[in-house]
Ligand code: NAP
Ligand code: SF4
């Protein structure tokens with residue numbers, strides 16, 4: 001019987017999957033952490049999972065482990081193929097079991113998505129997003145690979161894993177067999193639906209031959225490929241039925257290939273956007289169905305489990321952001337959860353360049369054993385100046401250690417640059433980060449002084465042992481003739497709604513903020529944007545509900561832009577190069593869809609009543625890249641009502657020197673430390689590290 005008075009009663013119901021019982025309906029989905037590859041990372045990786053197990057997650061699924069060399073994601077990738085691997089993985093499973101958790105190993109063969117010269121795949125087309133040409137698999141290679149899946153599952157069980165998950169989505173090897181998009185074979189492994197599904201069915205049979213029937217096998221199945229010539233719904237439904245018949249115990253659903261041009265996990269994707277793709281399988285199978293993607297709060301999870309026909313929810317990044325997510329939810333403390341904001345900046349962006357994964361809002365992720373906020377034995381009086389991301393993380397981390405913290409903020413609210421970002425369409429999740437910090441300030445008893453500009457004498461007279469300066473940045477005002485014209489405003493003024501903005505607007509600067517502001521200016525609704533409206537989002541990205549359409553893709557139909565916007569930069573290079581690896585393409589596609597005119601290689605001549613005057617020069621350079629001549633090519637006046645400056649920032653840190661002169665121990669963090677790469681990931685990390693260092 002469900003206790004309906006407990007918080008999130010459906011989320012906290014146990015669930016049987018094969019021979020195991022999950023204590024609740026949460027699954028930590030597979031994430032590559034960058035620690036799977038090396039044996040010497042086993043203890044660290046074990047501790048990473050153990051912290052999540054202690055935090056109450058129902059079942060942990062590891063990052064993808066390959067069954068054979070041709071399936072490596074990267075050179076020398078994590079593999080389960082020998083008894084040595086069993087020893088290494090026992091250290092991981094041991095830590096999770098000591099912590100009272102359950103852990104499944106994901107078996108992933110990357111196929112043409114491998115970043116190695118040894119990769120193999122069923123079809124001929126190379127991966128559009130990875131280097132190296134792959135080997136087209138022969139019949140013999142296919143049979144060997146099937147056997148290697150069985151071996152990996154048998155060894156995983158020996159290593160103490162409680163289950164295995166077969167990765168059958170995201171465009172990896174199995175998905176490459178399943179969809180005509182990549183399977184152009186004419187032998188028994190290609191052509192008809194039965195032939196394309198044969199590889200997976202034989203993999204399931206082989207695994208079942210090598211592990212007992214009560215050892216759970218989960219299938220990560222793609223239920224929407226979002227690529228041309230992807231699977232149809234009939235094929236997906238048939239595959240689910242066949243998988244169940246052949247011994248799969250649960251289906252963890254998966255959305256979109258890595259090469260898909262539909263965003264599936266970034267902040268701008270509405271929460272729970274893809275649950276309907278999962279619940280359609282309810283009519284055809286009886287085994288548990290696990291919904292995934294953009295489920296990041298217990299409220300969303302509970303709503304899905306209550307109203308939709310699915311049995312569990314998979315959340316991956318939310319457990320990076322907060323390992324204690326489930327415990328906090330079960331104790332009715334969901335306001336204290338550090339919510340994943342879908343930014344990808346410290347997780348996927350790291351994974352894609354082979355860096356160890358961490359989290360923008362939780363810099364302790366992946367550093368559980370080295371960045372420790374251990375309780376202090378002698379509480380110090382700490383002042384933190386500035387309540388942006390750096391100051392907030394410093395204040396709550398120092399307070400967590402037991403220090404007596406006072407947080408000074410000159411504005412009437414906390415959040416700093418996050419409060420600006422949260423008003424950008426599709427970045428509404430930043431409100432959750434501010435909510436998290438606000439709750440932590442309260443729970444940890446930080447003395448918050450809003451509307452207070454701390455002076456040197458306040459800090460000296462206040463008897464503080466340590467000052468953390470997190471005074472942030474101010475927008476840079478470039479030296480352009482007429483920059484003080486009434487049509488000109490900073491991005492902060494524009495986004496915070498402090499100024500009226502006309503119909504035709506020039507955005508100066510095409511960095512992260514230039515792109516954000518261009519989206520803000522062109523999206524109908526402004527801050528009350530409908531960007532999280534599912535129907536409109538599907539139209540914008542060309543997602544269809546038509547079950548007959550392969551891959552569920554149709555022509556994108558973005559809404560008409562609200563304003564006519566020009567985004568200008570001085571560099572001649574393509575705009576958007578500085579954006580995140582896994583999110584930049586989404587922003588670039590969004591401004592293109594909103595018909596923003598992107599102008600590069602411009603020189604700002606002046607601003608006046610006529611608008612923005614630009615000049616374009618042809619430069620000749622010597623062998624060392626020095627400009628040796630410059631000829632005027634063109635002049636252009638962009639007639640605009642307003643000009644928004646997104647031309648970078650300058651650090652604000654005038655308190656630093658006087659404080660040091662007064663003998664106060666000062667640490668500078670975030671934008672105040674370095675404005676050039678104003679970056680919330682660094683800001684939050686520096687704030688936490690500064691607090692961790694206070695003994
Ligand atoms: P940014 O990425 O450094 O871009 C600053 C822009 O201003 C550049 O386009 C630069 O282009 C121009 N600029 C610099 N100095 C100038 C000057 N003196 N006069 C005229 N133009 C000048 O900085 P940002 O856009 O302010 O973003 C700050 C940080 O926030 C970034 O590091 C980024 O990581 C982060 N962010 C990222 C995202 C995202 O990825 N979606 C979104 C928001 C913020 P030219 O020099 O070529 O003109
Ligand atoms: Fe979520 Fe961003 Fe953290 Fe990744 S880095 S887990 S997307 S908050």
Give me the extension gain from residue 184 to residue 435: residue separation times 0.36 nm, minus the current Cα-Cα distance, reported in nm with one decimal. 85.3 nm
What is the calculated FRET efficiency for residue 229 to residue 194, with r their C-beta to C-beta distance and R₀ = 22 Å, to the nearest 0.05? 0.80
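Classify the range 366-409 as rounded, prolate or oblate, taking a ≥ b ≥ c as the square roots of the eigenvalues of its Cα gyration tensor: rounded when a/c is under 1.5, otherwise prolate if a/b is larger than b/c and oblate if not. Show your work: numbers first, answer last.
Numbers: a/c = 3.82, a/b = 1.28, b/c = 2.99.
Oblate is the answer for the range 366-409, as a/c is 1.5 or above yet b/c matches or exceeds a/b.
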Give me the one-decimal nm value for the distance between modelled label points at residue 411 and residue 641, 7 Å along each residue's Cα-to-Cβ direction. 2.5 nm
With axes computed from alpha carbons, what is the tilt in degrees of helix 139-158 against the longest principal axis of the chain, rounded to the nearest 10 within 0 to 90? 80 degrees
Angle in degrees between helix 512-522 and the longest Cα principal axis of the chain, rounded to the nearest 10: 90 degrees
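May I ask you to derive the FRET efficiency for residue 125 and residue 201 from their Cβ-Cβ distance with R0 = 22 Å, giving the value to the nearest 0.05?
0.40
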Sorted by mean Cβ packing within 10 Å, highest first, what order do the peptides 157-167, 379-389, 614-624 take? 379-389, 157-167, 614-624
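Have a look at the DSSP beta bridges in the chain and tell me what percent are antiparallel, nearest 5.
Numbers: 22 of 85 bridges.
Around 25 percent of the beta bridges assigned by DSSP in the chain are antiparallel ones.
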Simple SL model, points at 7 angstrom along Cα→Cβ for residue 147 and residue 374; separation in nm is 5.1 nm
Could you give the angle, 0 to 90 degrees to the nearest 10, between helix 83-98's Cα long axis and the longest principal axis of the Cα atoms of the chain? 70 degrees
With a ≥ b ≥ c the root eigenvalues of the C-alpha gyration tensor of the chain, is it rounded (a/c under 1.5), prolate (a/b larger than b/c) or oblate? oblate
Relative contact order for the chain: what is it in percent, counting Cα pairs under 8 Å that are at least 6 residues apart? 12 percent
Using 7 Å Cα-to-Cβ label points, what is the residue 40/residue 261 separation (nm, one decimal)? 4.5 nm
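Highest mean first, what order results for 478-488, 269-279 on Cβ atoms within 10 Å?
Working: 478-488: 14.3, 269-279: 21.4.
Ranking the peptides 478-488, 269-279 by packing returns 269-279, 478-488.
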Taking a ≥ b ≥ c as the square roots of the Cα gyration tensor eigenvalues, with a/c under 1.5 meaning rounded and otherwise prolate when a/b beats b/c, else oblate, which class fits the range 587-657? oblate
Give the peptides 513-522, 342-351, 112-121 in descending order of average Cβ contacts within 10 Å, highest first. 513-522, 342-351, 112-121
On a full-extension model of 0.36 nm per residue, what is the gain between residue 632 and residue 496, subtracting their alpha-carbon distance, rounded to one decimal in nm? 45.2 nm
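Between residue 557 and residue 452, how high is the FRET efficiency from 1/(1 + (r/R0)^6) when r is the Cβ-Cβ distance and R₀ = 41 Å? Nearest 0.05.
Values: r = 49 Å, r/R0 = 1.20.
Using R0 = 41 Å, I get an efficiency of 0.25.
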The range 321-376 and the range 669-695 have their Cα centres apart by a whole-number Å value of 16 Å
Please identify which residues in the range 261-299 have an amide N closer than 11 Å to a label point set 7 Å out from the Cα of residue 545, following the Cα→Cβ vector. 276-277
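All of the numbers you see were taken from the coordinates with simple rules; none came from a lab. Note that the coordinates shown come from a computational prediction; the quantities given were computed from them, not determined experimentally. Note that we place each Cβ from the backbone using ideal geometry, even for glycine, and neighbour counts take in every protein chain shown.
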